[in-house]
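The values are calculated or read from the model by the stated rules, or taken from the named source; none is laboratory data. All of these numbers come straight from a predicted model, not from anything done at the bench. Neighbour counts are summed over all protein chains in view; Cβ atoms, including those assigned to glycine, are modelled from backbone coordinates with ideal geometry.
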């Protein structure tokens, strides 16, 4: 039997209302936790006040909301079944000839639509708020820019062109002025043989050139000479560098793919950013899977299993999915697991378990 429009509308709206309640509740707890965490983190800074803590926690809330949303929908699904069971609305739907699979369809669709909304509308907002947090930490708190560097020792950049390539190392990077300090450049030919080494006091990115100051050249022949100024052509832009050494969340969805291609061409690993992109692609499916998984725990109105037991099972399954996701993500970033598979599996598992529980309950 196909579900009629009235039942579809009722399930669609009532389920989203339940998810709004759980999302608001969990977000409130996360917000308070973020304020406390920032208070600990920034306790040593003089420019630390309650207003700043609340501002930082509020800016970080969109990112945290995206992370907790699958679990909010998991609990939202269970809350919905509790409400419709209590009001005998589930019983009415069942006696009208609707199967549990039919009842789950509007829930799956509504969660899928919310997931698509969050990916295309909310994800760019997260990028903007994360950049704002970095700007506040840099300007108001004077946090060191070292946090944006590729490694603990300094900043490394590899750039290629038709004549060969260069590897640029700098101890410091000023992201405002795009100036590298204490620079060493290794120039390679097409066969990856070192042509020369260049030392410079600083290098500034202007248009499509690195402008080096007070340079010292050492050729592979052993010849050494100095120049006051020197230019090295580059295709790297200041925006790409700023985004490149930030977390994947700080890169806008609309520029994420082009950023990945640019950094792969430059020779950097983009596993983190690729994994983030794939997770965004599968996020609507993950949300829908977690939603029907939450619903499946309490759809069995015949067995009348205790609510506390169902809640306990759901929390255990939620933790298993959470830690499983973290584990395979770590393996994927290290190159020991497929990136696409590690993003897809967390979406597939909830759907598999939910269908198993729903089909079992439907047969009773």
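Tabulated data
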| item | result |
| --- | --- |
| Some residue of segment 26-35 being touching a residue at least 40 places away in the same chain (Cβ under 8 Å), more than 25 Å from residue 117 (Cα to Cα), in a helix (DSSP H, G or I) and more than 18 Å from the chain's Cα centre (by Cα) | no |
| All positions within segment 201-215 that are more than 27 Å from residue 134 (Cβ to Cβ) and surrounded by 15 or more Cβ atoms within 10 Å (Cβ to Cβ) | 212, 213, 215 |
| One residue from 104, 46, 111 being within 20 Å of residue 282 (Cα to Cα) and modelled with pLDDT under 90 | 104 |
| Failed item, numbered, when residue 98 is tested on (1) closer than 22 Å to residue 27 by Cα; (2) not in a helix (DSSP H, G or I) | (1) |
| In segment 173-186, the residues that are under 19 Å from residue 230 (Cα atoms), surrounded by fewer than 20 Cβ atoms within 10 Å (Cβ to Cβ) and without any contact (Cβ under 8 Å) to a residue 40 or more places away in the chain | 177, 179, 181, 182, 184, 186 |
| Candidate set from segment 7-43 (those that are loosely packed, with under 14 Cβ neighbours inside 10 Å and over 30 Å from residue 108 (Cα atoms)); member that is modelled with the highest pLDDT | 32 |
| Segment 190-207, residues that are modelled with pLDDT of 80 or more and touching a strand residue (DSSP E or B) at 6+ places or on another chain (Cβ under 7 Å) | 194, 195, 196, 197, 198, 199, 200, 201, 202, 203, 204 |
| Residue, modelled with the lowest pLDDT, within segment 223-251, restricted to residues that are assigned to a loop (DSSP other than H, G, I, E, B) and farther than 22 Å from residue 165 by Cβ | 246 |
| Qualifying position, being within 20 Å of residue 131 (Cβ to Cβ) and either exposed (fewer than 15 other Cβ atoms within 10 Å of the Cβ) or out of contact with any helix residue (DSSP H, G or I) (no Cβ under 7 Å at 6 or more places or on another chain) (or both), among 105, 54, 92 | 54 |
| Check on residue 216, out of contact with any helix residue (DSSP H, G or I) (no Cβ under 7 Å at 6 or more places or on another chain), farther than 17 Å from residue 157 by Cα and either in the same structural domain as residue 155 (by TED's automatic domain parsing) or in contact (Cβ under 8 Å) with a residue 40 or more places away in the chain (or both) | yes |
| Residue 337 surrounded by fewer than 20 Cβ atoms within 10 Å (Cβ to Cβ), farther than 23 Å from residue 108 by Cα, out of contact with any strand residue (DSSP E or B) (no Cβ under 7 Å at 6 or more places or on another chain) and modelled with pLDDT of 80 or more | yes |
